[in-house]
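To start, the structure itself, in structure tokens.
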Amino acid sequence: MQQISDNVYQIPLGAVNAFLIEDNGLTLVDTGYKNSTFKIFESIKKSGKNPNELKQIILTHSHPDHAGSAYEIKTKLNIPVYAHYEDAHLIKQGIAGRLPHVLSPGLANWIVFRMFIKSSKNEIDAFEVDTTIEDKDIIPIAGGIEVIHTPGHSKGHVALLIKNEGLLIAADICSNMMGLGLSTVYEDRELGIKSIQKAASFDFDKAIFGHGKPILKNANKQMRAKFAIT
């Protein structure tokens, strides 16, 4: 795991990242693809922490690379899951996302789409989300995590602002694989860009992404510049 701020860590899971928040136990943000549980737990153990101290899971959205292991971890530890109500409806049905995908421009996005998305099953293990969240909700962890509803990549996508850490968990509103750029796919790209602009209007210095490296300084300014916020 990579420590991002005092209480937030990034867990690399190959093609995607999950995140850990340490405050009154542990909170897992996203769960990777199905069968990622062992790797997540081993990463937590190697950092000197105990995966049995996980108290809840927050899902940024329902896609299979983010919610794929949620059911397994939820049932293994008997812990609640938070997700936006728009994607909670899909999760209950075992549906990972809304089709068709809108592919973002560029060769790299085309390659990622062909390798990881086009042939993947649009399904996850079905379960009922325990707590639905929406825009401006405050989750009482780490001094208060503000939910920012950021649709476009997925109708129920949320970014999470950890004010006390000066940190945005941006998830898949955009990526930072070879510099800041659009996510590979969206349900509605124009809405997705508006959501990036919305999230970047908040006050934070660091940002972490579902795909790619963290930005550890001036993250909101970089996002505003890249996505033309004036």
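Just so it is clear, none of the values below were taken in a lab; they were calculated from the coordinates. Just so we're clear, the structure is a prediction, and the values are computed from it rather than from any experiment. Note that each Cβ is placed from the backbone with ideal geometry, even for glycine, and that neighbours are counted across all protein chains shown.
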Notebook entry, point to check: Which one of Lys34, Lys55, Lys39, Lys49 is surrounded by fewer than 21 Cβ atoms within 10 Å (Cβ to Cβ) and either under 25 Å from Asp205 (Cα atoms) or touching a residue at least 60 places away in the same chain (Cβ under 8 Å) (or both)?
Noted result: Lys34
Margin query: Taking the conditions exactly as written (of a type outside the set (Phe, Trp, Tyr) and touching a Pro at 6+ places or on another chain (Cβ under 7 Å)), does Lys163 satisfy them or not?
Written below: no
Item checked: Matching residues, the stretch 176-207, being among the hydrophobic types (A, V, I, L, M, F, W, C) and closer than 25 Å to Leu107 by Cβ -> Met177, Met178, Leu180, Leu182, Val185, Leu191, Ile193, Ile196, Ala207
Notebook entry, point to check: Could you say whether any residue in the stretch 60-68 is farther than 24 Å from Tyr9 by Cα, touching a Gly at 6+ places or on another chain (Cβ under 8 Å) and surrounded by 14 or more Cβ atoms within 10 Å (Cβ to Cβ)?
Noted result: no
Notebook entry, point to check: List, please: which pairs have Cβ atoms under 6 Å, are six or more places apart or on different chains, and start with a residue in the stretch 97-119 that is in contact (Cβ under 8 Å) with a residue 12 or more places away in the chain and end with one that is in a helix (DSSP H, G or I) and of a type outside the set (Lys, Arg)?
Noted result: Leu103/Phe113
Notebook entry, point to check: Going by the structure shown, is Phe127 under 30 Å from Gln56 (Cα atoms), of a type in the set (Phe, Trp, Tyr) and surrounded by 12 or more Cβ atoms within 10 Å (Cβ to Cβ)?
Noted result: yes
Check: Among the numbered criteria (1) out of contact with any Asp or Glu (no Cβ under 8 Å at 6 or more places or on another chain); (2) touching a residue at least 60 places away in the same chain (Cβ under 8 Å); (3) surrounded by fewer than 20 Cβ atoms within 10 Å (Cβ to Cβ), which single criterion is violated by Thr27?
Finding: (3)
Notebook entry, point to check: What residue, among those in the stretch 204-230 that are assigned to a loop (DSSP other than H, G, I, E, B) and free of Cβ contacts under 8 Å to residues at least 40 places away in the same chain, is farthest from Ala159 (Cα to Cα)?
Noted result: Thr230
Note to self: If I go through the stretch 188-230 residue by residue, how many of them are of a type outside the set (Phe, Trp, Tyr) and within 16 Å of the chain's Cα centre (by Cα)?
What the structure shows: 14
Notebook entry, point to check: When Gln93 is evaluated against the numbered criteria (1) loosely packed, with under 15 Cβ neighbours inside 10 Å; (2) touching a residue at least 12 places away in the same chain (Cβ under 8 Å); (3) closer than 30 Å to Asp6 by Cα; (4) not aromatic (Phe, Trp, Tyr), which criterion, by number, is the only one it fails?
Noted result: (3)
Margin query: Please pick out the residue among Ile196, Ile162, Ile133 that is of a type in the set (A, V, I, L, M, F, W, C), under 16 Å from Ile4 (Cα atoms) and surrounded by 20 or more Cβ atoms within 10 Å (Cβ to Cβ).
Written below: Ile162
Next item on the list: Within the stretch 4-24, track down each residue that is touching a residue at least 60 places away in the same chain (Cβ under 8 Å), over 17 Å from Pro80 (Cα atoms) and not acidic (Asp, Glu).
Entry: Ile4, Ser5, Asn7, Val8, Gln10, Ala15, Val16, Asn17
Notebook entry, point to check: Are any of the residues in the stretch 81-104 in contact with a Pro (Cβ under 7 Å, 6 or more places away or on another chain) and of a type in the set (Ser, Thr, Tyr)?
Noted result: no
